[in-house]
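Inspection log for the structure reproduced underneath, given as structure tokens.
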Amino acid sequence: METVETTILKNLIHNEEYSRKVLPFINKEYFEDYNEKVVFEEISNFIVKYNNLPTKESLIIESENRTDITDDSSKQIKDFIGLLESTPSDEQWLLDITEKWCKDRAIYLALVESISIADGNHDKKTQDAIPSILSDALAVSFDNQVGHDYLNDYEERYEFYHQKEEKIPFDLEFFNKITKGGLPNKTLNIALAGTGVGKSLFMCHMASSVLLQGKNVLYITLEMAEEKIAERIDANLLNVNIQEIANLPQVMFENKVTNLAKKTQGTLIIKEYPTASAHAGHFRSLLNELALKKSFRPDIIFVDYLNICASSRYKANGNVNSYSYIKAIAEELRGLAVEANLPIVSATQTTRSGFGNSDVELTDTSESFGLPATADLMFALISTEELEGLNQIMVKQLKNRYNDPTMNKRFVVGIDRAKMKLSDCEQSAQQDIVDSGQEEEYNKPDDKLHKKFAALKF
């Protein structure tokens with residue numbers, strides 16, 4: 001009876017289309033039988049070296065030239081190769097059984113390795129590596145998508161145009177207006193503000209809002225402890241001044257949290273990393289670990305905040321300028337958003353010149369113009385003494401791929417710093433912004449922002 005392994009090997013030497021599709025996904029360690037493993041190695045080496053399928057004769061010659069096999073094994077391999085005759089098979093069936101075999105073998109080997117690590121029998125890996133090993137095995141699959149055929153795939157394209165895009169909505173009217181209903185998946189969204197203006201407050205408020213929508217939220221903090229972020233979210237969701245949380249009786253606190261849990265099906269995970277120690281690769285591993293240990297998959301990720309992340313490409317103290325370093329971090333985060341199919345929200349500091357200004361431009365982005373080039377949405381949070389007196393904060397669009405950024409260029413939202421909350425303002429407050437003449441400033445073709453960034457493509 002022919003095995004799956006035999007079917008795979010004979011098609012690798014007789015079916016070029018099949019071979020090109022599956023060879024990158026097959027690991028030699030998937031073969032249990034030594035002779036089959038040797039034959040696969042020779043097939044793979046031949047295709048890589050000569051960009052062509054080997055004949056049975058060439059495989060026999062190459063295997064006989066090996067110095068790592070015995071005479072008995074050499075004869076067995078020769079006999080086995082002789083049996084690899086071409087037989088017609090359904091192409092899709094071949095792909096399906098090969099993919100299933102690869103998955104099954106990858107999972108089996110991952111389990112064996114994990115058990116070895118758990119028993120302390122692995123010299124190089126610790127138990128921390130087990131989640132990653134298992135998740136990599138579970139992720140084994142064939143990607144046969146070669147691209148969109150513009151002329152032939154028009155029906156798929158038309159359906160795509162009429163699909164309702166999945167978004168994470170805000171609980172703030174004007175943020176929904178400028179994003180056409182919320183944040184789409186596979187996007188990077190950045191708040192720009194000075195120290196103490198409200199970057200973390202904005203993200204904590206939004207994280208609270210998304211949780212109440214029944215969504216799963218992952219909040220990554222590199223600045224404050226997990227408990228301090230949780231305290232801010234407590235103030236928001238429990239409607240308690242942050243200074244008074246510690247004074248709540250335990251029974252009252254437990255009741256508030258219990259009642260909150262009844263209002264949502266979502267989960268909020270807060271994960272702390274030391275400043276400048278973690279990059280997108282660490283966040284990716286965290287997602288895999290959360291999926292395995294808690295069956296948790298976030299609908300949105302908050303990173304507090306971008307400038308104090310690390311980059312997987314560069315060392316922080318290496319010979320690299322700040323533009324390249326910060327741009328790399330932004331690109332890696334956006335890549336993670338695409339890979340995980342969710343929006344990522346982060347923040348960045350203003351420059352010293354931008355700190356304390358009553359207005360903020362893209363030029364006030366701390367350390368890097370690469371951020372606006374990478375982000376899908378970027379907006380500034382602006383605070384002045386006058387706005388603070390009104391319990392308001394101004395929002396100014398800096399870049400927007402979702403909508404016309406000249407519409408609602410600026411608007412205000414209410415802010416309650418004691419309860420870490422944002423809220424919609426009355427329309428009259430928005431009208432004050434328009435009446436100030438600020439709106440007209442941005443409709444001028446020779447406006448300052450247009451001049452400075454006319455050469456940049458966002």
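The values are calculated or read from the model by the stated rules, or taken from the named source; none is laboratory data. Every value quoted in this text rests on a predicted model; they were computed, and no experiment measured them. Neighbour counts run over all protein chains shown; Cβ positions are idealised from the backbone, glycine included.
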Candidate set: segment 385-401, residues that are on the phi < 0 side of the Ramachandran plot and touching a Gly at 6+ places or on another chain (Cβ under 9 Å); chosen: the one surrounded by the fewest Cβ atoms within 10 Å (Cβ to Cβ): 390
Among (1) at pLDDT below 90; (2) in a helix (DSSP H, G or I), the one test that residue 337 misses: (1)
Residue ID - surrounded by the fewest Cβ atoms within 10 Å (Cβ to Cβ), chosen from residues in segment 296-334 that are out of contact with any Ser or Thr (no Cβ under 8 Å at 6 or more places or on another chain) and at pLDDT 90 or above: 297
Residue satisfying condition, being touching a residue at least 40 places away in the same chain (Cβ under 8 Å), out of contact with any helix residue (DSSP H, G or I) (no Cβ under 6 Å at 6 or more places or on another chain) and either polar (S, T, N, Q) or under 20 Å from residue 15 (Cβ atoms) (or both), within set 55, 98: 55
Single match in 162, 148, 205 (criterion: assigned by TED's automatic domain parsing to the domain that holds residue 413 and not β-branched (Val, Ile, Thr)): 205
Of residues in segment 283-295 being surrounded by fewer than 16 Cβ atoms within 10 Å (Cβ to Cβ) and of a type outside the set (Gly, Ala, Ser), the one modelled with the highest pLDDT: 294
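Hey, can you tell me all the residues within segment 416-433 that are in contact with a Phe, Trp or Tyr (Cβ under 9 Å, 6 or more places away or on another chain) and either buried (at least 20 other Cβ atoms within 10 Å of the Cβ) or among the aliphatic types (A, V, I, L, M) (or both)?
Taking segment 416-433 first, the residues in contact with a Phe, Trp or Tyr (Cβ under 9 Å, 6 or more places away or on another chain) are 422, 424-425, 429-430, 433.
422, 425, 429, 433, listed by residue number.
Just need a number here: residues in segment 176-211 that are in a helix (DSSP H, G or I) and either among the β-branched types (Val, Ile, Thr) or within 15 Å of residue 302 (Cβ to Cβ) (or both). Explain how you work it out, then say what you get.
Initially, segment 176-211 is screened for residues in a helix (DSSP H, G or I), giving 176-179, 199-211.
Now narrow it down to the ones that are either among the β-branched types (Val, Ile, Thr) or within 15 Å of residue 302 (Cβ to Cβ) (or both): 178-179, 199-211.
Adding up the residues that qualify gives 15.
Among the listed residues 404, 376, identify the single one that is assigned by TED's automatic domain parsing to the domain that holds residue 326, surrounded by 17 or more Cβ atoms within 10 Å (Cβ to Cβ) and of a type in the set (Asp, Glu).
Details: 404 fails: surrounded by 17 or more Cβ atoms within 10 Å (Cβ to Cβ).
Result: 376 is the single residue among 404, 376 that is assigned by TED's automatic domain parsing to the domain that holds residue 326, surrounded by 17 or more Cβ atoms within 10 Å (Cβ to Cβ) and of a type in the set (Asp, Glu).
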Residue count for segment 238-258, restricted to those that are within 36 Å of the chain's Cα centre (by Cα), of a type in the set (A, V, I, L, M, F, W, C) and part of a helix (DSSP H, G or I): 6
